[in-house]
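A.B. asks: Let me give you the structure first, and then I'll get to my questions.
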Amino acid sequence: MAGYTHNKDDHQRRLRRIEGQIRGLQRMVDSDEYCIDILTQISAATRALQAVSMSLLDEHLRHCVSEAITEGGETAEKKITEASDAIARLVRS
């Protein structure tokens, strides 16, 4: 079971809201809206995606990584490396 399962509805709701923001950005470009207004909305969508990613990462650490550490051994090392790599990707983006 995925670590985010108990918050799946919340994540889906947030992602649908972000999807609406992205469609709104497309309409803004189609309507030749002011550049700064579009950039402001891009920033808001980016922050919303970052919030979802941080929530998923937190749940992954608390569920998947925590369970793997309890098991120990190679499974724990794999999950820690996997989480570390995910954090590095998030920091770069």
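The values are calculated or read from the model by the stated rules, or taken from the named source; none is laboratory data. Not measured: the values here are computed from a predicted model. Neighbour counts are summed over all protein chains in view; Cβ atoms, including those assigned to glycine, are modelled from backbone coordinates with ideal geometry.
A.B. asks: Residues being loosely packed, with under 15 Cβ neighbours inside 10 Å and over 21 Å from T5 (Cβ atoms): count how many of those fall in segment 58-77.
C.D. replies: 4
A.B. asks: Let me ask something else about it. Is it the case, given these coordinates, that D10 is assigned to a helix (DSSP H, G or I), closer than 21 Å to A86 by Cα and acidic (D, E)?
C.D. replies: So D10 does not fit the description; no.
A.B. asks: Now for a separate question. Checking the structure you have, find out if any residue of segment 50-57 is loosely packed, with under 10 Cβ neighbours inside 10 Å and either out of contact with any Leu (no Cβ under 7 Å at 6 or more places or on another chain) or among the charged types (D, E, K, R) (or both).
C.D. replies: no
A.B. asks: State whether one or more residues within segment 28-46 are more than 23 Å from T5 (Cα to Cα), surrounded by 14 or more Cβ atoms within 10 Å (Cβ to Cβ), at pLDDT 95 or above and touching an Asp or Glu at 6+ places or on another chain (Cβ under 8 Å).
C.D. replies: yes
Rundown of residues vs (1) at pLDDT 90 or above; (2) out of contact with any strand residue (DSSP E or B) (no Cβ under 8 Å at 6 or more places or on another chain); (3) polar (S, T, N, Q); (4) at negative phi, yes/no style:
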| residue | (1), (2), (3), (4) |
| --- | --- |
| A2 | no, yes, no, yes |
| Q26 | yes, yes, yes, yes |
| L56 | yes, yes, no, yes |
| H63 | yes, yes, no, yes |
| E67 | yes, yes, no, yes |
| A88 | yes, yes, no, yes |
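A.B. asks: With the structure loaded, tell me whether V91 is surrounded by 14 or more Cβ atoms within 10 Å (Cβ to Cβ) and of a type in the set (V, I, T) or whether it fails that test.
C.D. replies: In short, no.
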